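What follows draws every value from the coordinates through simple rules; no lab data is involved. Being a predicted model, the structure only gives us computed values, none of them experimental. When we count neighbours, we look across all protein chains shown, and the Cβ atoms used for this are built from the backbone with ideal geometry, even at glycine.
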């Protein structure tokens, strides 16, 4: 199928894009890499009278270390982030999550900001953003503002981003010291969305106890969930003595929005999700203990 007719706009700056979104209102949609939007348009699952293409705005691209954070422009492709040695060195959890996103053809066009803004709870980057307490930077008619990842995702494919606002970048905190990171997910085929998955960041103190941790769940709700109960249970305990299976169990306990569909029931996803958390926790712990 082909999309319904639309008017195409290609602003030169982020400010111009915001002005267009303000002028056009609900009839407009931002087009970045188009890896999620274009299929929806082709299938007529979404119809917009105007598309605002931000893919060639230079200020939305780039990867920079800014103090204790790594800033990635919203228009930076996932492939560019995947190839970046700076991403690998400073935010290993992000670097290890990127290869799980679709296939390389998808990552060549898909953008970091587009994945975050799309707010798909089955996607990897929203889970990483939540686990690491990333900050989402947006620009609107009233100026720029920053939104904590924990407050950004509000529902299935919905976020705190206002219709006239543009996501301009994401800042990921840089964890240093004795750290371990891991990603585990289960999908029917490589490149498919995960039925369930987990990303884990872990920092140990000098005695080998858990100083802090971040666990993001993939495909386990209407938003990218964070396993706060697991993190609280592990805090301050010797990493070598923590039961990874218990961490997994706590991660899915109490979740009331686990999807159930033709690919798997909520109960099945819960079991798989717990196993993914357990495996990721074990791998991250091993890495941190070996530092």
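Couple of notes before you dig in:
- When the strands (runs of 3 or more DSSP E) confined to the range 1-98 are screened for residues that are closer than 24 Å to residue 171 by Cβ, those reaching at least 3 such residues are found at 63-66, 69-73.
- Among the criteria (1) without any contact (Cβ under 8 Å) to a residue 40 or more places away in the chain; (2) surrounded by 15 or more Cβ atoms within 10 Å (Cβ to Cβ); (3) within 25 Å of residue 144 (Cβ to Cβ), the one residue 54 does not fulfil is (1).
- Residue selected from the range 181-239 under the condition farther than 17 Å from residue 130 by Cβ and assigned to a strand (DSSP E or B), by the criterion farthest from the chain's Cα centre (by Cα): 238
- Flag if residue 273 is over 22 Å from the mean Cα position of the chain (by Cα) and either in a helix (DSSP H, G or I) or without any contact (Cβ under 8 Å) to a residue 60 or more places away in the chain (or both): no
Conditions (1) in contact (Cβ under 8 Å) with a residue 12 or more places away in the chain; (2) crowded, with 21+ Cβ neighbours inside 10 Å; (3) not in a helix (DSSP H, G or I), marked per residue:
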| site | (1), (2), (3) |
| --- | --- |
| 251 | yes, yes, no |
| 255 | yes, no, yes |
| 258 | yes, yes, yes |
| 277 | yes, yes, no |
| 280 | yes, yes, no |
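- Qualifying residue in the range 133-143 (condition: crowded, with 23+ Cβ neighbours inside 10 Å and assigned to a helix (DSSP H, G or I)): no
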